[in-house]
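Enquirer: This is the structure I have questions about; it appears just below.
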Amino acid sequence: MATLTIRNIDETIKGNLRQMAALHGRSMEEEVRQILRQVLGRPVSARGLGTRIAERFAVGGGGDLPIVERSPARQPPDFSEDAAS
């Protein structure tokens, strides 16, 4: 087993960790091990985020929207001295 030392932890986080460990009846060290197992023990998806989002919205018909006709862009305002006269 490897050893990990973490320095410069915010006191608030350390206090929260201490409370969570007490709530679960474990040491702070064991609480950290459990947190790491929960977070890092999840399988990593081989699909990218964009693919997963597309799959989720494909169930409802996807995200295809009708193309809206656009009018030509208007001319920007002219703030030059010549235009004010």
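The values are calculated or read from the model by the stated rules, or taken from the named source; none is laboratory data. As the structure is a computational prediction, the values presented were derived from the model and not from experiment. Positions of Cβ are generated from backbone atoms using ideal geometry, with glycine treated the same way; all protein chains shown enter the neighbour counts.
Enquirer: Name, by its number, the condition in (1) modelled with pLDDT of 90 or more; (2) in a helix (DSSP H, G or I); (3) surrounded by fewer than 11 Cβ atoms within 10 Å (Cβ to Cβ) that does not hold for A83.
Expert: Among (1) modelled with pLDDT of 90 or more; (2) in a helix (DSSP H, G or I); (3) surrounded by fewer than 11 Cβ atoms within 10 Å (Cβ to Cβ), A83 violates only (1).
Enquirer: Of R18, R26, R56, R37, which residue is of a type in the set (K, R), assigned to a helix (DSSP H, G or I), surrounded by 11 or more Cβ atoms within 10 Å (Cβ to Cβ) and without any contact (Cβ under 8 Å) to a residue 60 or more places away in the chain?
Expert: On inspection, the qualifying residue turns out to be R18.
Enquirer: Does M28 qualify as being in contact with a helix residue (DSSP H, G or I) (Cβ under 6 Å, 6 or more places away or on another chain) and either of a type in the set (A, V, I, L, M, F, W, C) or modelled with pLDDT of 95 or more (or both)?
Expert: Spelling it out, M28 is indeed in contact with a helix residue (DSSP H, G or I) (Cβ under 6 Å, 6 or more places away or on another chain) and either of a type in the set (A, V, I, L, M, F, W, C) or modelled with pLDDT of 95 or more (or both).
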